[in-house]
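Just below is one structure, and these are the notes that go with it.
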Amino acid sequence: QVQLVESGGGLVQPGGSLRLSCAASGSIFRINVMGWYRQAPGKQRELVAVIHSGGNTNYADSVKGRFAISRDNAKNTVYLQMDSLKYEDTAVYYCTYSARGSDYWGQGTQVSVSS
């Protein structure tokens with residue numbers, strides 16, 4: 001089992017920045033993929049960004065150039081730096097961990113972009 005604890009969500013004005021963190025604990029495999037998905041009201045959950053334990057990354061087109069995903073393997077923690085936030089970034093952001101065919105999700109953290 002893997003537990004994911006997210007932090008860093010909140011309310012921010014358009015153009016502002018937030019940094020999300022997600023710490024994984026439990027049965028962590030050295031080779032894994034961690035990342036972030038989001039779900040806005042009335043919409044399906046969608047990929048935001050993922051990062052392999054080796055460092056490869058993948059981003060949704062909608063966040064390229066504005067968001068940056070990174071990780072600290074020693075701390076089993078993944079980060080999402082979100083800059084130039086837009087109204088449409090408002091959603092619940094979920095941390096994910098995947099390894100050896102198993103997927104785990106965090107409880108979600110709300111990000112609200114509003115003036």
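The values are calculated or read from the model by the stated rules, or taken from the named source; none is laboratory data. Since the structure is predicted, the reported quantities are computational estimates derived from the model, not experimental observations. Cβ: placed from backbone, ideal geometry, glycine included. Neighbour counts: every protein chain shown. The protein model used for the area step is the full one, side chains on, heavy atoms only, and it has no ligands, DNA or RNA in it. Shrake-Rupley method; radii C 1.70, N 1.55, O 1.52, S 1.80 Å.
Regarding Arg19, is this residue among the charged types (D, E, K, R), on the phi < 0 side of the Ramachandran plot and touching a Gly at 6+ places or on another chain (Cβ under 7 Å)? Reasoning before the result, please.
Working: among the charged types (D, E, K, R): yes; on the phi < 0 side of the Ramachandran plot: yes; touching a Gly at 6+ places or on another chain (Cβ under 7 Å): yes.
Yes.
Would you be able to tell me the number of residues in segment 46-62 that are surrounded by 13 or more Cβ atoms within 10 Å (Cβ to Cβ), more than 12 Å from the chain's Cα centre (by Cα) and either part of a helix (DSSP H, G or I) or in contact (Cβ under 8 Å) with a residue 40 or more places away in the chain (or both)?
1
Taking the condition of being touching an Asp or Glu at 6+ places or on another chain (Cβ under 9 Å), within 11 Å of Ile51 (Cα to Cα) and of a type in the set (A, V, I, L, M), how many residues in segment 73-98 meet it? Even if it seems obvious, please write down each step before you answer.
Looking only at segment 73-98, we keep the residues that are touching an Asp or Glu at 6+ places or on another chain (Cβ under 9 Å), and these are 78-79, 82, 91, 93-97.
Adding the requirement that they be within 11 Å of Ile51 (Cα to Cα) leaves 78-79, 96-97.
Then drop every residue that is not of a type in the set (A, V, I, L, M), which leaves 78.
Matching residues across segment 73-98 total 1.
How many residues does segment 87-115 hold that are in contact with a helix residue (DSSP H, G or I) (Cβ under 9 Å, 6 or more places away or on another chain) and either open to solvent by 50 Å² or more (accessible area, probe 1.4 Å) or farther than 16 Å from Ser17 by Cβ (or both)?
3
Using beta carbons and a limit of 9 Å, which pairs, at least six apart or on different chains, have the first residue in segment 25-43 and touching a residue at least 60 places away in the same chain (Cβ under 8 Å) and of a type in the set (D, E, K, R) and the second one open to solvent by 60 Å² or more (accessible area, probe 1.4 Å) and in a loop (DSSP other than H, G, I, E, B)?
Listed pairs, sorted by first residue: Arg38/Arg45.
Which residue is farthest from the chain's Cα centre (by Cα), if the candidates are limited to segment 7-41 and must be surrounded by fewer than 20 Cβ atoms within 10 Å (Cβ to Cβ), assigned to a strand (DSSP E or B) and not aliphatic (A, V, I, L, M)?
Gly26
Pairs under 6 Å by beta carbon, first residue over 11 Å from Glu6 (Cα atoms) and outside any strand (DSSP E or B) in segment 78-101, partner open to solvent by less than 40 Å² (accessible area, probe 1.4 Å) and among the polar types (S, T, N, Q), six or more apart or different chains?
Matching pairs, first to second residue: Thr90/Ser112.
What residue, among those in segment 63-77 that are in a loop (DSSP other than H, G, I, E, B) and within 24 Å of Ala24 (Cα to Cα), is nearest to the chain's Cα centre (by Cα)? Steps first, please.
Just the residues of segment 63-77 that are in a loop (DSSP other than H, G, I, E, B), to begin with: 64-66, 73-76.
Checking which are within 24 Å of Ala24 (Cα to Cα) leaves us with 73-76.
On the way: Asn73: 15, Ala74: 18, Lys75: 16, Asn76: 13 Å.
Taking the candidates together, the pick is Asn76.
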